[in-house]
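Report on the structure given below.
The values are calculated or read from the model by the stated rules, or taken from the named source; none is laboratory data. Computed from a prediction, not measured in an experiment: that's the story for all the values here. Positions of Cβ are backbone-derived with ideal geometry, glycine not excepted, and every protein chain shown enters the neighbour counts.
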Amino acid sequence: MAQRPSTTKGFKRTATLLGDRIRKVGESRGFAVSRVLTHWAEIVGYETAAICRPVEVSYGRGGFGATLSILTTGAQAPMLEMQKEQIRARVNAVYGYNAIARVRITQTAKTGFAEGQATFLHAPDATDKRKPDPALQARARDATTEISNNDLRQALERLGQNVLTNAKE
């Protein structure tokens with residue numbers, strides 16, 4: 001039987017190289033299934049993932065169900081509080097059994113300790129990617145030509161472009 005030539009040319013997939021390390025980090029934080037960490041946005045939904053992230057799973061002394069800790073900013077905590085049961089049900093669906101009994105919400109500011117920094121990378125990009133209309137730019141520039149302060153003139157020009165763009169729609 002002829003041996004099939006390798007198509008990878010000696011390279012390995014990143015998932016095979018990092019799989020053990022990801023599993024060890026996940027287990028150190030109580031995540032038996034690392035999929036909860038790596039696919040958080042797909043599990044809870046992109047809107048929810050944009051405002052929170054899982055931090056750890058802790059098990060009580062009795063061993064009857066675990067507690068999932070979720071990190072969010074203070075302003076988003078009341079909204080997550082109302083979604084706790086849906087989050088718990090979705091995470092348990094990933095585990096395949098009722099592994100998570102409680103969901104605990106932890107609040108933090110956008111800056112703080114290394115673990116407490118709330119940067120949720122799953123937020124959709126809401127910026128408008130359209131190019132500004134050159135006619136509107138010229139109109140805003142003409143309206144601000146008499147202003148001598150350069151910073152003020154540029155700020156008012158941007159404001160004028162935004163107002164003219166939104167008035168058109």
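Return yes when R88 is of a type in the set (D, E, K, R), touching a residue at least 60 places away in the same chain (Cβ under 8 Å) and assigned by TED's automatic domain parsing to the domain that holds R21 and no when it is not.
no
Scan the stretch 11-33 and give yes if some residue there is among the small types (G, A, S) and at pLDDT 70 or above, otherwise no.
No, because not a single residue in the stretch 11-33 is among the small types (G, A, S) and at pLDDT 70 or above.
Yes or no, residue by residue, for (1) hydrophobic (A, V, I, L, M, F, W, C); (2) surrounded by fewer than 16 Cβ atoms within 10 Å (Cβ to Cβ):
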position: G45; (1), (2): no, yes
position: C52; (1), (2): yes, no
position: S58; (1), (2): no, yes
position: G65; (1), (2): no, yes
position: T73; (1), (2): no, yes
position: Q76; (1), (2): no, no
position: R88; (1), (2): no, no
